[in-house]
1. Given the conditions (1) more than 16 Å from the ligand (Cβ to nearest atom); (2) out of contact with any helix residue (DSSP H, G or I) (no Cβ under 8 Å at 6 or more places or on another chain), which single one is not true for Leu152?
2. Out of everything in segment 96-134 that is in a helix (DSSP H, G or I) and open to solvent by less than 40 Å² (accessible area, probe 1.4 Å), what residue ends up being farthest from Arg61 (Cα to Cα)?
3. Could you list, ordered by first residue, the pairs with Cβ atoms under 6 Å in which the first is in segment 1-24 and outside any helix (DSSP H, G or I) and the second is of a type in the set (S, T, N, Q), at least 6 apart or interchain?
4. Regarding Val7, is this residue under 21 Å from Ile228 (Cβ atoms) and either among the aliphatic types (A, V, I, L, M) or open to solvent by 20 Å² or more (accessible area, probe 1.4 Å) (or both)?
5. Would you please name the residue that is nearest to Phe157 (Cα to Cα), looking only at residues in segment 220-243 that are away from the ligand (no atom under 11 Å from the Cβ) and either in contact with a strand residue (DSSP E or B) (Cβ under 9 Å, 6 or more places away or on another chain) or polar (S, T, N, Q) (or both)?
6. Note down all Cβ pairs under 9 Å where the first residue falls in segment 232-251 and is among the hydroxyl-bearing types (Ser, Thr, Tyr), the second is outside any helix (DSSP H, G or I) and away from the ligand (no atom under 11 Å from the Cβ), and they're at least six residues apart or on different chains.
7. Sort out which residues of segment 1-22 are away from the ligand (no atom under 14 Å from the Cβ) and in contact with a His (Cβ under 9 Å, 6 or more places away or on another chain), and write them in order of number.
8. How many residues does segment 25-36 contain that are outside any helix (DSSP H, G or I) and open to solvent by less than 10 Å² (accessible area, probe 1.4 Å)?
Amino acid sequence: MIRPRLVAGNWKMHTVPESASKLAAEIIQHKSEFGPVEVALFPPFTSLAAVREIVGKSKIRLGGQNMHFESEGAFTGEVSGTMLKASGCSMVILGHSERRLYFGETDQLINLKLEKALEGELIPIFCLGEKLPERQNGKTFEVLERQLAAGLGGLRFDEKQLVIAYEPVWAIGTGVNATPEQAAEAHRFLREKLSTLVGPPVAEKLRILYGGSVNAGVAGALFAEEEIDGALVGGASLKAAEFVEIVKKAK
Ligand code: 13P
């Protein structure tokens, strides 16, 4: 396989250090069953230290759910990429629809954050995806193209430095996942556009994850699509057994 699969757990605003340690330990117990699949955990900031202890020197990656576009400064309440790096993170989720929707993050802001993450050698999982009315009005590709071009504008990276996550907003936390065909169609479109942005050799090797109501029941069908290089899992990543099952389906 030219693109090693990645299954990432976005714990969102769930867990405190104690429950985060427990969840991470339950997942890591199964690491010998993960095969070649890369696994990454994204606890809230306050649980990073606890999860880092558990992950230790295993290959499981640790990541932050967001970051600021400066390294430090008078930005009360913010966390920088430098801080994430020093806390054991090698990845960061950027552009998540919940950040766009509830915290007013724009394509331009996300572009600045992506630039900073790349500069600091944190691998961003750059999220994008259309809302339900946009899909219903036939605007899906237009939205994806805009988010992709604006988010990545002026940036240089290769397939090891960045991951894309297609997360249709209507599928997040709703229990309604995109069908494998819908996801594959969007991934194909994104890869085609990436080709013009970064050139075909890199575009071919960049990983595009699917996110939105992924659970153990639907993971197999999604991963059967060769365009789907893994998953960004929300709710189901809070249940160790189910998350492990999803990882195994990606093998
Ligand atoms: P759910 O898996 O809970 O739908 O969340 C998906 C998501 O937003 C991952 O980033």
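The values are calculated or read from the model by the stated rules, or taken from the named source; none is laboratory data. Keep in mind that this is a model prediction, so the values were computed, not measured. Cβ placement follows ideal geometry from the backbone for every residue including glycine, while neighbour counts extend to all protein chains displayed. Ligands, DNA and RNA are excluded from the accessible area calculation, which covers all protein heavy atoms including side chains. Shrake-Rupley method; radii C 1.70, N 1.55, O 1.52, S 1.80 Å.
1. Going through the list (1) more than 16 Å from the ligand (Cβ to nearest atom); (2) out of contact with any helix residue (DSSP H, G or I) (no Cβ under 8 Å at 6 or more places or on another chain), Leu152 breaks only (2).
2. Among those residues, the one meeting the criterion is Asp107.
3. These pairs meet every condition: Gly9/Ser237; Thr15/Ser47.
4. The answer is yes for Val7.
5. Asp229
6. Listed by first residue and then by second, the contacts come to Ser237/Val7; Ser237/Leu41.
7. Ala20
8. Step one: of segment 25-36, the residues outside any helix (DSSP H, G or I) are 29-30, 34-36.
After this cut, where a residue has to be open to solvent by less than 10 Å² (accessible area, probe 1.4 Å) as well, the list is 34.
The number of residues fulfilling the criteria is 1.
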